[in-house]
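One structure is given here, and the rest of the page talks about it.
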Amino acid sequence: MIITKPKDIKGILEALKGKERVYLFGCGSCAEQCQTGGDKELKAMEKALRENGVEVAGGSIVEETCYRQLVLKEYRNVEGFRDADAVLVLACGAGVRTVADVVEEDRPVIPALDSIFLATVERYGRFFEGCALCGECVLTETAAICPHTECPKGLLNGPCGGVADGMCEVDTENECAWVRIYRRLKEQGRLHLMKKVSEPKDHSVGLRPRKTLLRNPARQADRKTKK
Amino acid sequence: MAGDSNLKHELESGRFTVTAEICPPRGTDVGPFIEKARLLKGRIAAANVTDNQRAVMRLSSLACSVLLLREGVEPVFQMTCRDRNRLAIQSDVMGAWALGVRNILALTGDHVAFGDHREAKAVFDLDSVQLVKVIDTLNHGRNMKNTELRGATDFFLGAVVAPEANPYEPEEIKFDKKISAGARFFQTQAIFDMERFKRFFETAGKKSVKVLGGILLLKSAKMANYLNTNVPGVHVPQPLIDELEGASDQLEKGIEIASRQLRELKSFCHGAHIMAIGQEESVIKIIEGA
């Protein structure tokens, strides 16, 4: 799940200054679950904007705001959305980007949230970052604990000198990722993996912006020849 | 300027070898830094120049290493992984060699979260083991891409180990990886439990590397308490804090404790590395007292 947190209202009001028909767009997936872009939050935002003299033309929540087809369908069907002179999106950055792709280019699309991380949901309301989407998974060698993500320094060859009684020097409430990797590898009888020098990460695999095209022309051509 | 590393020579001769740390200034006035260098000249085998220690921005460790060379003090150029990517690292390592620096110490570096530029991007493109390996590769005349260099480096290559790390086994694994990556000498983090350090040295001393035990000058009980709460990986035991607290002159007591540690190290270890953070003049007293 993508975790988001609300931006300060002051900056949002500043960005919406002079706009007369603001449309709100939430998200029924991640943002709803982390209580930043569901029905309740849209209503609270509408109230806050009205109190500050910003007219709200309406609001929508679709199942996944990062899915262009769903946003486009809403855009075609909802007049208030089409006629808005600005859109405030209560979703992650991918959602904001999707909405911006759909609406006319002459009207601003403003994020109401900051996107912070990809989470493992321990249970409702407890979110932890476990993957940094680095592009090349090392979890095989690290007992399914990611050193890129869970070590603030992203070290690949073991703990730094700052470990104090097994705890991380940067956030002392967290147990050092490498101490956990060590313990788990040892339990699994795979400590030899930690004894091997890990090579520097290949950052070229994560060159931005990244994209995946399941049906790119080359692959389609490939499929045809196979037939 | 050119020539071999005196530090290497001293350690290989089997003589007990002392190094000390000098911190670059926060600004371009290098006067006091040079005064400290002159003070230490001839009294230590080499002086470590810290690299934006504690992630606090200071004059470049490379520039200060060269300033030491000019004063006739052999530098140990400290390089962390925090502030440079692999291009900058290789480039600065070769630069240091070309300017006459002969010793280098590879370390991870404190996180920017501890420093004075907390908004900075923490680089860590390499980690300390990889950094050792990269310097060793440059020592063999090649860069990270295996391209042959027109002129290699030949650094006396060092790294850091934390003998009092808890748990110790992951640290030991990393220690061995640094050795296999090419580290030839180790300066340890501050030692406070000498018996534990002796046990560490029983094993470490048999590896094909030289070990300099870390001595951190405790200037006061207040500083010791500060270290315990604020400095990662440092734990000053209560008896030492009590000893400082009971003294009429706490700095003198701290120097006495450091001298005592130095004396103990002399009886079994390869050398000692004195960290006197901002109290470089006390280094002489520590050495004389031992």
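The values are calculated or read from the model by the stated rules, or taken from the named source; none is laboratory data. The model shown is predicted, which means the values in this text are computed figures rather than measured ones. Heads up, the Cβs are rebuilt from the backbone with ideal geometry, glycines too, and the neighbour counts pull from every protein chain shown.
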- Looking only at the stretch B:106-115, decide whether some residue is more than 11 Å from chain A (Cβ to nearest Cβ) and touching a residue at least 12 places away in the same chain (Cβ under 8 Å). yes
When the stretch B:119-166 is checked residue by residue, the ones that are touching a residue at least 40 places away in the same chain (Cβ under 8 Å), charged (D, E, K, R) and outside any helix (DSSP H, G or I) are B:D125, B:D127, B:D154, B:E164
Of those in the stretch A:118-169 that are in a strand (DSSP E or B) and within 13 Å of chain B (Cβ to nearest Cβ), the residue nearest to A:T36 (Cα to Cα) is A:M167
Within the stretch B:237-256, residues under 22 Å from the mean Cα position of the chain (by Cα) and buried (at least 21 other Cβ atoms within 10 Å of the Cβ) come out as B:G254, B:I255
All-but-one check, A:L214 against (1) at pLDDT below 95; (2) in contact with a Lys or Arg (Cβ under 9 Å, 6 or more places away or on another chain), failing number (2)
Among (1) within 15 Å of B:I104 (Cα to Cα); (2) more than 12 Å from chain A (Cβ to nearest Cβ), B:A181 falls short only on (2)
Looking across the stretch A:135-150 at residues that are out of contact with any Gly (no Cβ under 7 Å at 6 or more places or on another chain) and on the phi > 0 side of the Ramachandran plot, the single one that is surrounded by the fewest Cβ atoms within 10 Å (Cβ to Cβ) is A:A144
So, first residue assigned to a helix (DSSP H, G or I) in the stretch A:192-216, second residue hydrophobic (A, V, I, L, M, F, W, C), Cβ within less than 6 Å, six or more apart or across chains; the pairs are A:L193/A:L185; A:M194/A:L185; A:M194/B:I173; A:K195/B:I173; A:G206/A:C134
Filtering helices (runs of 4 or more DSSP H) wholly in the stretch A:53-109 for at least 2 residues that are of a type in the set (D, E) gives A:79-83
Checked the stretch B:187-229 for anything in a loop (DSSP other than H, G, I, E, B) and buried (at least 17 other Cβ atoms within 10 Å of the Cβ); matches are B:I191, B:F192, B:V209, B:L217, B:L218, B:K219, B:S220
query: Within the stretch B:11-21, can one find any residue that is assigned to a strand (DSSP E or B) and either within 14 Å of chain A (Cβ to nearest Cβ) or surrounded by fewer than 17 Cβ atoms within 10 Å (Cβ to Cβ) (or both)?
result: no
